[in-house]
1. Out of the residues in region 52-65 that are at pLDDT below 90 and hydrophobic (A, V, I, L, M, F, W, C), which is farthest from PHE34 (Cα to Cα)?
2. State all residues of region 7-58 that are free of Cβ contacts under 8 Å to residues at least 40 places away in the same chain and of a type in the set (Asp, Glu); if no residue qualifies, say none.
3. Of all residues being in a loop (DSSP other than H, G, I, E, B) and out of contact with any helix residue (DSSP H, G or I) (no Cβ under 7 Å at 6 or more places or on another chain) in region 234-260, which is surrounded by the most Cβ atoms within 10 Å (Cβ to Cβ)? Just the residue, please.
4. Tell me which strands (runs of 3 or more DSSP E) are completely within region 3-69 and hold 1 or more residues being in the same structural domain as GLY159 (by TED's automatic domain parsing), touching a helix residue (DSSP H, G or I) at 6+ places or on another chain (Cβ under 7 Å) and not charged (D, E, K, R), or say none if there are none.
5. Specify the residue that is farthest from PRO134 (Cα to Cα); the eligible residues are those in region 67-79 that are without any contact (Cβ under 8 Å) to a residue 60 or more places away in the chain and of a type in the set (A, V, I, L, M, F, W, C).
6. Suppose the filter is free of Cβ contacts under 8 Å to residues at least 12 places away in the same chain, within 25 Å of ALA195 (Cβ to Cβ), out of contact with any helix residue (DSSP H, G or I) (no Cβ under 6 Å at 6 or more places or on another chain) and among the small types (Gly, Ala, Ser); does SER271 pass it?
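The values are calculated or read from the model by the stated rules, or taken from the named source; none is laboratory data. These figures come from a predicted structure and were not determined experimentally. Reconstructed Cβ throughout: ideal geometry from the backbone, glycine too, with neighbour counts over all protein chains shown.
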Amino acid sequence: MLENIAQSTFNETNLENDFLLLEFENNSDKKQHFERDIDNTFIQLHFCVRGNCKFNFNGGNYSLDVLDEHSILLYNPQQKLPINLEIRPKTTLVSLLVSIKKFHSLFSKEAGYIPFLSDDNRNRKYYDDSVIKPTVLIVLQQILNANINSSIKDLYIRGKIYELLSLQFHKDETSGGEYCPFLVDERDVTKIRKAKDIIIARMTEPPTLNELANEVGINLKKLKEGFKQIYGDTVYSFLFNYKMEHARKLLESNQHNVNEVGLQIGYSTASHFIAAFKKKFGTTPKQYILSLNNG
């Protein structure tokens with residue numbers, strides 16, 4: 001959507017689902033006003049590249065100034081934060097509206113499975129005001145001044161937005177990694193991934209849940225709940241399915257007989273392995289091999 005009001009322009013770009021870019025340019029000598037309804041699932045990032053502007057809240061009872069070359073981050077899960085913006089003369093503003101789930105997905109591969117708000121942040125509003133980093137300012141100028149063929153402009157802008165976010169939330173080298181203020185404790189995610197690797201590596205004699213929790217340094221409740229959130233199953237149900245898939249691949253290789261495959265995945269007797277395989281796939285290992293040969 002593009003609007004031109006005298007010497008002022010507004011451009012809205014739908015980057016992806018739940019991911020919007022807003023660009024404001026007020027080159028006139030008068031204040032301009034902009035309003036937009038935003039629900040409480042969105043994070044708002046506003047970058048004042050030039051000039052200054054004011055955000056009004058609660059019907060104008062509270063306001064927040066954004067100064068030249070400053071940015072603000074706004075998020076309130078308890079209520080909507082509609083944009084009620086006063087853009088002063090000679091002001092340029094770039095805003096990103098990102099759903100919390102989309103925002104989290106940029107920082108974690110487990111975004112679809114783990115809670116994207118920690119218990120501490122789940123019902124807490126978040127506000128941050130900071131000077132725009134020089135590297136971020138360069139990317140903002142590139143977005144505003146993009147003179148790209150229309151057929152690839154959206155692709156160019158999307159790439160620049162990802163670059164902007166990575167620079168905005170990048171920690172210094174001494175702290176390592178990227179920073180996302182809303183992430184659940186990624187240390188727990190790392191521990192749960194380690195637990196998954198342990199049970200796979202030792203599937204013939206897996207540890208008990210208590211032993212596993214102690215080994216990775218997480219309490220039992222967090223291990224059980226977190227494992228199910230990340231991998232969609234309990235620890236031992238996940239292991240059972242993994243073992244059966246591994247057994248199926250071994251059978252398909254035609255390099256091992258049924259007894260050998262059962263032993264490799266932790267079954268001391270062929271009868272227990274055959275029963276487990278049939279429970280998973282609805283056929284015995286021998287019948288499965290015959291079906292492959294016939295096929």
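1. So the residue we want is LEU64.
2. GLU12
3. Filtering region 234-260 for residues that are in a loop (DSSP other than H, G, I, E, B) and out of contact with any helix residue (DSSP H, G or I) (no Cβ under 7 Å at 6 or more places or on another chain), the one surrounded by the most Cβ atoms within 10 Å (Cβ to Cβ) comes out as ASN257.
4. In region 3-69, the matching strands (runs of 3 or more DSSP E) lie at 8-16, 19-26, 42-50.
5. Out of the qualifying residues, it is LEU74.
6. Answer is no for this residue.
Residue-wise test of (1) loosely packed, with under 13 Cβ neighbours inside 10 Å; (2) acidic (Asp, Glu); (3) at pLDDT 90 or above.
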| position | (1), (2), (3) |
| --- | --- |
| TYR126 | no, no, no |
| SER130 | yes, no, no |
| ASN145 | yes, no, no |
| VAL189 | no, no, no |
| LYS196 | no, no, yes |
| ALA201 | yes, no, yes |
